[in-house]
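Peer 1: Once you've had a glance at the structure underneath, I'll fire off some questions.
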Amino acid sequence: MFEPRELTDELASVRDEHVPGALVLDCERDFETLDPTVAESLGPLVDGLDPRSYPDEWLPSDAPAALERYAGDAFTVGMPGDGGVAWTTQTRPPTVLVKPRLQGSPDAFVDFLLADALVETGLSLPEHFLGFFESSYPDLAAATLLGPADTYQLAAALYDAYCGLHTRETFTTWRDSHPELHDAWVDAGERLEPRLADLSNEVATGDTSFAAAAELACSGVKHDLDLPTPFGALDTKAYREYGAEYAVKWTTKTFEKLDG
């Protein structure tokens, strides 16, 4: 199921700088969440496993089944919304998993996704938004007008923005030290930018759901892009400082305006 991935010199350097010893593995099959028996097969490849679970009180009553499983006792690696690269600190050392869905993507783009995962892992950020929101996740859900799936998508987007406020500081320094990765970061941002230009109007007309718009807009934070209203308020020092508390307040105010 897993094979060690050969890293470029730049990626190997990023790993050594941010999360020394981390495993980077290619996966044989695509997945959103690994079956626990498959996840446990990481055991022989690492020094140890440290499965995590979360209190029931952190989940709203209508939480998606995937989130309930993640919070439970089973060893859970990967969740919907992770994209083509997933990472976990439930192994010692941490592990980064590259999914086969990325086959055919430009090498530079895949390398940036890997670099992003390594930097996030090295910052000791939670590997999923539930570890970020903790007991405030039901408050976030209650503040929205969304169903459980869209609330999940919004929460993932908000956490992506929070991570981006931390990781982009590293990416901006790569112009000289890791120029190819820096160029890939810039290029990914330039490709995303046109999609943000009319996003507010698309939400207003119903052409794009609020949760999908949030996913797009919040992904722009790590690329240091200008975000459309109302998402620009997430690109602030206050969000970086206050984290989940700020996100819940932003969501409450935003949906009060939408409902008005």
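Peer 1: Return the pair list, or none, for Cβ contacts closer than 8 Å from residues in the stretch 63-81 that are farther than 18 Å from Ala157 by Cα to residues that are in a helix (DSSP H, G or I) and not aliphatic (A, V, I, L, M), at least 6 apart or on different chains.
Peer 2: Ala71/Asp56; Ala71/Trp58; Ala74/Pro36; Phe75/Pro36; Phe75/Glu40; Thr76/Pro36; Thr76/Arg69; Thr76/Tyr70
Peer 1: Quickly run through the stretch 80-101 and pick out the residues that are open to solvent by 20 Å² or more (accessible area, probe 1.4 Å) and either part of a strand (DSSP E or B) or over 16 Å from Asp160 (Cα atoms) (or both). Before you say what the answer is, go through the steps one by one.
Peer 2: Looking only at the stretch 80-101, we keep the residues that are open to solvent by 20 Å² or more (accessible area, probe 1.4 Å), and these are 80-83, 87, 89, 92-94, 100-101.
Scanning the stretch 80-101 gives Trp87, Thr89, Arg92, Pro93, Pro94, Pro100, Arg101.
Peer 1: Still on this model: Quick check on my filter: what residues within the stretch 1-13 are part of a helix (DSSP H, G or I) and either at pLDDT below 95 or open to solvent by 60 Å² or more (accessible area, probe 1.4 Å) (or both)? Please lay out each step first, then the result.
Peer 2: Of the residues in the stretch 1-13, the ones part of a helix (DSSP H, G or I) are 9-13.
Residue satisfying the conditions is Asp9 alone.
Residue by residue, here is whether (1) modelled with pLDDT of 95 or more; (2) assigned to a helix (DSSP H, G or I); (3) more than 25 Å from Glu120 (Cβ to Cβ) holds:
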position	(1), (2), (3)
Leu216	yes, yes, no
Gly232	yes, yes, no
Ala238	yes, yes, no
Glu245	yes, yes, no
Lys253	yes, yes, yes
Lys257	no, yes, yes
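Peer 1: Residues of the stretch 160-176 being assigned to a helix (DSSP H, G or I) and without any contact (Cβ under 8 Å) to a residue 40 or more places away in the chain, which ones?
Peer 2: Glu169, Trp174, Arg175, Asp176
For (1) closer than 23 Å to Ala66 by Cβ; (2) touching a helix residue (DSSP H, G or I) at 6+ places or on another chain (Cβ under 6 Å), each residue gets a yes or a no:
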residue	(1), (2)
Thr95	yes, no
Asp107	no, no
Ser124	no, no
Asp139	yes, yes
Glu169	no, no
Arg175	no, yes
Trp185	no, yes
Glu202	no, no
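Peer 1: For Pro230, state whether it is within 28 Å of Pro148 (Cβ to Cβ), more than 19 Å from the chain's Cα centre (by Cα) and open to solvent by 20 Å² or more (accessible area, probe 1.4 Å). Give the derivation first.
Peer 2: Values: within 28 Å of Pro148 (Cβ to Cβ): yes; more than 19 Å from the chain's Cα centre (by Cα): yes; open to solvent by 20 Å² or more (accessible area, probe 1.4 Å): yes.
Yes: the conditions hold for Pro230.
Peer 1: Still on this structure, please answer the following. So Asp16 ticks every box in (1) in a helix (DSSP H, G or I); (2) surrounded by 14 or more Cβ atoms within 10 Å (Cβ to Cβ) but one. Which box is left unticked?
Peer 2: So the condition that Asp16 fails would be (2).
Residue by residue, here is whether (1) surrounded by fewer than 17 Cβ atoms within 10 Å (Cβ to Cβ); (2) under 24 Å from Tyr152 (Cβ atoms); (3) of a type in the set (A, V, I, L, M, F, W, C) holds:
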position	(1), (2), (3)
Asp183	yes, no, no
Leu196	no, yes, yes
Lys222	no, yes, no
Asp235	no, yes, no
Tyr242	yes, yes, no
Glu245	yes, yes, no
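Peer 1: Just the residues that are open to solvent by 40 Å² or more (accessible area, probe 1.4 Å), of a type outside the set (Gly, Ala, Ser) and in a helix (DSSP H, G or I), please, taken from the stretch 133-159.
Peer 2: Residues satisfying the conditions are Glu134, Asp139, Pro148, Asp150, Gln153.
Peer 1: What are the residues in the stretch 19-62 that are surrounded by 12 or more Cβ atoms within 10 Å (Cβ to Cβ), under 23 Å from Arg101 (Cα atoms) and without any contact (Cβ under 8 Å) to a residue 40 or more places away in the chain, if any?
Peer 2: Matches in the stretch 19-62: Asp35, Val38, Ala39, Glu40.
The values are calculated or read from the model by the stated rules, or taken from the named source; none is laboratory data. It should be emphasised that the depicted structure is a prediction, and the values quoted were computed from it without experimental measurement. As a convention, Cβ positions derive from the backbone with ideal geometry for all residues, glycine included, and neighbour counts pool all protein chains shown. Note: areas computed on protein heavy atoms with side chains; ligands, DNA, RNA excluded. Shrake-Rupley method; radii C 1.70, N 1.55, O 1.52, S 1.80 Å.
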